[in-house]
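In what follows, a single structure is set out as structure tokens and then discussed.
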Amino acid sequence: MEQSSDATSRRERAARAGDLRRTAVIGSGVAGLTAAYILARAHHVTLYEADDRLGGHAHTHDLTAPDGRTHRVDSGPLSALALAGTAVWAVGLFFETVGDAQLARFKADRANQGRIMDRGLWSWTRHPNYFGDFCVWWGLFLVACDGGWQAAAVSVVSPLVMSVLLISGSGKRLLERRMAGRPGWDAYAARTSGFFPRPPRHR
């Protein structure tokens, strides 16, 4: 991408070369830079930066690919909804990654064989990795909602299905059925949230 100071001259050269179908102007910021990478690599579109400030301007541009298809791209900063979705996604990634790492470290210690993991995130929820997966899906859904109600309507199916599977289907329900016979499980289940994190109950 070129700086805004010479964007006009480059655009004029592209026009004189008769290559307008492969020329577009976008702003800077996360969305603009992502659009530049995808369109330049996948569709060989020549992109020019409209503003060199981080965040740029929240404009929507029609970017035409070599095959004639038009892509509408928001070149401005992320919206509040997209930022909220990113935050939910990050929380989910944290719970899933840290929860799995804590469990792996617990299982690696032979002294813990047959015991119930009830430390770290596992003291706040019996399924931090499942809760993390849940948040990842809903975070992505919120980001998709930034594209309008059509995107939201199409995208909501995946997090809904995953939520049912994680909470009532093959995730939490089947795992707890297998864990129920272990020593200490009843006490652990009584003091620890079944899914959504909260401080453990003290008895």
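Structure summary
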{"item": "Residue in the stretch 150-160 that is surrounded by 14 or more Cβ atoms within 10 Å (Cβ to Cβ), of a type in the set (Val, Ile, Thr) and touching a strand residue (DSSP E or B) at 6+ places or on another chain (Cβ under 8 Å) present", "result": "no"}
{"item": "Subset tally (residues that are free of Cβ contacts under 8 Å to residues at least 12 places away in the same chain and within 21 Å of Val164 (Cα to Cα)) for the stretch 90-143", "result": "0"}
{"item": "Pick from the stretch 89-125, criterion modelled with pLDDT under 95 and part of a loop (DSSP other than H, G, I, E, B), ranking: farthest from Gly194 (Cα to Cα)", "result": "Asp109"}
{"item": "Count of the stretch 177-203 residues which are within 16 Å of Pro128 (Cα to Cα) and small (Gly, Ala, Ser)", "result": "3"}
{"item": "Filter pass, Ser168 being surrounded by fewer than 17 Cβ atoms within 10 Å (Cβ to Cβ), closer than 30 Å to Ala82 by Cα and touching a Leu at 6+ places or on another chain (Cβ under 9 Å)", "result": "no"}
{"item": "Whichever residue in the stretch 123-143 is small (Gly, Ala, Ser) and buried (at least 20 other Cβ atoms within 10 Å of the Cβ) and, among such residues, is nearest to Glu96 (Cα to Cα)", "result": "Gly132"}
{"item": "The stretch 92-112, residues that are touching a Pro at 6+ places or on another chain (Cβ under 9 Å) and small (Gly, Ala, Ser)", "result": "Gly99"}
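The values are calculated or read from the model by the stated rules, or taken from the named source; none is laboratory data. Keep in mind it's a predicted model, so treat the numbers as computed, not measured. So basically every Cβ, Gly included, is an ideal-geometry build from the backbone, and we count neighbours across all protein chains shown.
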